[in-house]
Every structure is written in structure tokens, then in C-alpha cells.
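The values are calculated or read from the model by the stated rules, or taken from the named source; none is laboratory data. Remember, predicted model here, so these are calculated numbers, not experimental data. Positions of Cβ are generated from backbone atoms using ideal geometry, with glycine treated the same way; all protein chains shown enter the neighbour counts. Just the protein is used for accessible areas: all its heavy atoms, side chains included, with ligands, DNA and RNA removed. Shrake-Rupley method; radii C 1.70, N 1.55, O 1.52, S 1.80 Å.
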Amino acid sequence: MSPPPGDQIPDQPAAGGETQRSIPTPFLTKTYQIVDDPSIDDVISWNEDGSTFVVWNPTVFARDLLPRYFKHNNFSSFVRQLNTYVSKLSVNQISRSPIKLIRL
């Protein structure tokens, strides 16, 4: 399985010429953990080729899963936060229907 996605920031040179990798934000790490859990594939899962994820049941997702990982159960807030990362991807990488995010 792939590691959780990080910010879409290229490797940055660190002091001494070494490359410093970006660290995934807590939001992305938690989202990855939720999507990667096969026991809840009926609510949220990777698509067939594993390149994006789909929220199949937003009601159950908000009521049962969001409060376990985040300090709220507001699906709109989750989508708004997700959009801050999706907007960093190029337009041809984004699938907009239903809610999908490119898997890195």
C-alpha cells in the first residue's frame, strides 16, 4: 500500500544540500486512514484502480466516521478542507463526481 499523501510540495533542499520531504498534514493522514480501511468500503473506499476515493454514503460518513477522526461531524466542513488540497492538483487530475481525490 502507498504511504499517506503529503502536501503537493516538491522536495525542498535542506541545510547541507540534503533533500527534505514534506510531511503529510494530520487531515491528509486521517483521511488516508479512513479511506484505506477495508471494513468501511461500503461508506468510503478507493475506486477500482486505487487512484481516487469515493464517499458512497455521506450521511453515515458524517455521523459515524468523522467524529472518530475529527472534532466535528460536518460533512461540508470535511469537503471544504478536502478542497484546499484538491485545488492544488492540476485540473486534468481531478474527478469531480462523486467526491474523489487522487491517490498518490
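Worth pointing out:
- For region 60-81, the set of residues classified as out of contact with any helix residue (DSSP H, G or I) (no Cβ under 8 Å at 6 or more places or on another chain), in a helix (DSSP H, G or I) and either open to solvent by 60 Å² or more (accessible area, probe 1.4 Å) or modelled with pLDDT of 90 or more (or both) consists of V60, R63, D64, P67, R68, S76, S77, R80, listed by residue number.
- The set of residues in region 29-45 that are out of contact with any Pro (no Cβ under 7 Å at 6 or more places or on another chain) and either more than 18 Å from F75 (Cα to Cα) or surrounded by 16 or more Cβ atoms within 10 Å (Cβ to Cβ) (or both) comprises K30, T31, I34, V35, D36, D37, P38, S39, I40, V43, I44, S45.
- For region 1-59, the set of residues classified as at pLDDT below 90, under 16 Å from F70 (Cβ atoms) and among the polar types (S, T, N, Q) consists of T25, T29, listed by residue number.
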